[in-house]
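The values are calculated or read from the model by the stated rules, or taken from the named source; none is laboratory data. Since this is a predicted model, take the numbers as computed values, not measurements. Methodologically, a virtual Cβ is constructed for each residue, glycine included, from the backbone with ideal geometry; neighbour enumeration extends over all protein chains shown. Accessible surface is based on the protein model in full, side chains and every heavy atom, while ligands, DNA and RNA are left aside. Shrake-Rupley method; radii C 1.70, N 1.55, O 1.52, S 1.80 Å.
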Amino acid sequence: MQKLPRPVLLLLALLLLLMAAYPLFGVTLAGEKHDFYLQQLTSIMILAIVALGLDLLVGVSGMVSLASAAFFGMAGYALVLFSPEYEALSIWIALPLCLGLTALASLLMGVLIIRTSGIFFIMVTIAFSQMLYYLFHDATFAGGSDGIYLFMKPEVAIAGVQLLDLGNRTTLFYVALASLGFLLALLRTFLRAPFGRVLLGIKENEQRVRAMGYNPLFYKLAAFVIASTIAGYAGMLSATQYGFVSPDQLSWQMSAHILVMVILGGMGTLFGPILGAFAFEGLHHWFASLTPHWELPMGVVVICMVLLLPRGIAGLLLQLAQRKPGDTTKSLADSVSEEAEQ
């Protein structure tokens, strides 16, 4: 993966600093709505983590999956079901349990479906996602269609000394922010390694990669498991944030929701889906505050963005950043027109 242009790096660093500073000045800026915005920003960052993992499949490996929500919800259910009802489960048990269960489930699913591709891969991931959805929807031990509550948040402590209070909204905000930044840096480093370069090669020409002596199925399966495990981690954070998990979190509609974020942000860039998550959720909440029929204007905006920015928000930023310093004649409209033509 190519190194990001300096202007883009500076922009991302600025956005990171602004996000980190919000809890410090949120009360002054938002007043009584500070807690609401803090919750919403945390939720968006959790969704951005799922989108980040999905981009490893869609943008890097060329596999369009609609099963990310299945692993998102599965990890949330795992946290709730294995937690004592009136006692906090240690994070050192909860984290390996949720991630391990998600990784194992994705490995078993991947072994069965990884030989498919294109529309067939999409349909199979939808099928497995819906199987898990109806499993938890009809399971009395998981609360059925009403969902199930988590009464005690996981405990982050060593030798009885509490390190973090995940029941505190500000603490969870910073945990989500740190997780998002860490995973972005980790995946970008991962894609610069030989393993990541093979994934990029598989997307461009799988037959040539196979002719070079690599087994594409192994690399695609590994990418599927990694992306699913990242979604599981986000699902654990979401269950911790709201203290509630429902079958709707496993549906393919939720997966499509995440996929739209990836497309809007820019596939294959890793930082693009994060921007896409904030853009999509920001527009969603804005339109929902204006009209109960928010889906109509939201759909129009999404269609226009896909037509005008086929490489997403990240593609536009990269194109603007790569302009020559002396090229002052090209406006933002010109950049958008060029992006649409590509």
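Could you compute the FRET efficiency for residue 111 and residue 18, with r as their C-beta to C-beta distance and R0 at 30 Å, rounded to 0.05? Efficiency, from the Cβ-Cβ distance: 0.10. Phi angles across the range 150-157 convert, under the Karplus curve 6.51 cos²θ - 1.76 cosθ + 1.60 with θ = phi - 60°, into 3J(HN,Hα) values of 10, 7, 10, 6, x, 9, 9, 8 Hz, Gly and Pro given as x. Looking at the range 29-93, which GluC sites (Glu not before Pro) are in a loop (DSSP not H, G, I, E or B) and have at most 14 other Cβ atoms within 10 Å? The qualifying sites are 85, 87.
According to the Cα-based calculation, Rg over Rh for the chain is 0.97, with Rh computed by the Kirkwood formula. Estimated at the nearest 10 Å², the accessible area of residue 43 is 30 Å² with a 1.4 Å probe.
In terms of the mean number of neighbouring beta-carbon atoms within 10 Å, the peptides 160-167, 254-261 order highest first as 254-261, 160-167. Just the protein heavy atoms count here, and of the accessible area of the chain at 1.4 Å, carbon and sulfur take up 67 percent. GNM on the chain, alpha-carbon springs under 10 angstrom: the most fluctuating residue among 317, 12, 187 is 12. Here residue 25 sits with roughly 120 square angstrom of accessible surface, probe radius 1.4 Å.
Counting helices only, and only those DSSP H runs with n ≥ 4, report the 222 nm mean residue ellipticity of the chain as the sum of -39,500 (n - 2.57) divided by its residues, in deg cm²/dmol to the nearest 500.
Numbers: 14 runs with 241 residues, N = 342.
Helix contribution divided over all residues of the chain: -23500 deg cm²/dmol.
Taking the chain as a Gaussian network of alpha-carbon nodes connected by springs under 10 Å, the highest mean-square fluctuation of the residues 149, 86, 233 belongs to 86. For residue 244, nonlocal amide neighbours, meaning residues 5 or more places apart or on other chains whose placed amide H falls under 5 Å from its own, are 150. Given the Cα atoms of the range 97-198, and with Rh set as the inverse mean 1/r over their pairs in the Kirkwood sense, what is Rg to Rh to two decimals? Here Rg/Rh amounts to 1.06. Give the residue from 258, 215, 241 lying farthest towards the positive end of the charge dipole for the range 169-283; charges sit on Cβ (+1 for Lys and Arg, -1 for Asp and Glu) and the dipole is referred to the Cα centre. Ranked along the dipole, the leading option is 215.
With the simple spin-label model, which puts each label point 7 Å out from Cα in the Cβ direction, the residue 322 to residue 119 separation comes to 3.2 nm. A straight chain from residue 306 to residue 168 at 0.36 nm per residue would run longer than the Cα-Cα distance by 45.9 nm. Were the residues from residue 93 through residue 135 laid out at 0.36 nm apart, the gain over their Cα-Cα distance would be 12.7 nm. Between residue 11 and residue 127, what FRET efficiency comes out of the Förster formula 1/(1 + (r/R0)^6) with R0 = 30 Å and r the beta carbon distance, rounded to 0.05? Efficiency for this residue pair is about 0.15. Taken per residue, the accessible surface of the chain reaches 50 Å², heavy atoms only and a 1.4 Å probe. Computed 3J(HN,Hα) for the range 159-170, one whole-Hz value per residue from the Karplus formula 6.51 cos²θ - 1.76 cosθ + 1.60 where θ = phi - 60°, is 6, x, 9, 6, 8, 9, 10, 6, x, 7, 5, 5, glycine and proline marked x.
In order along the range 74-84, the phi-based Karplus estimate (6.51 cos²θ - 1.76 cosθ + 1.60, θ = phi - 60°) of 3J(HN,Hα) comes to 4, 5, x, 5, 4, 4, 5, 5, 8, 7, x Hz; Gly and Pro are listed as x.
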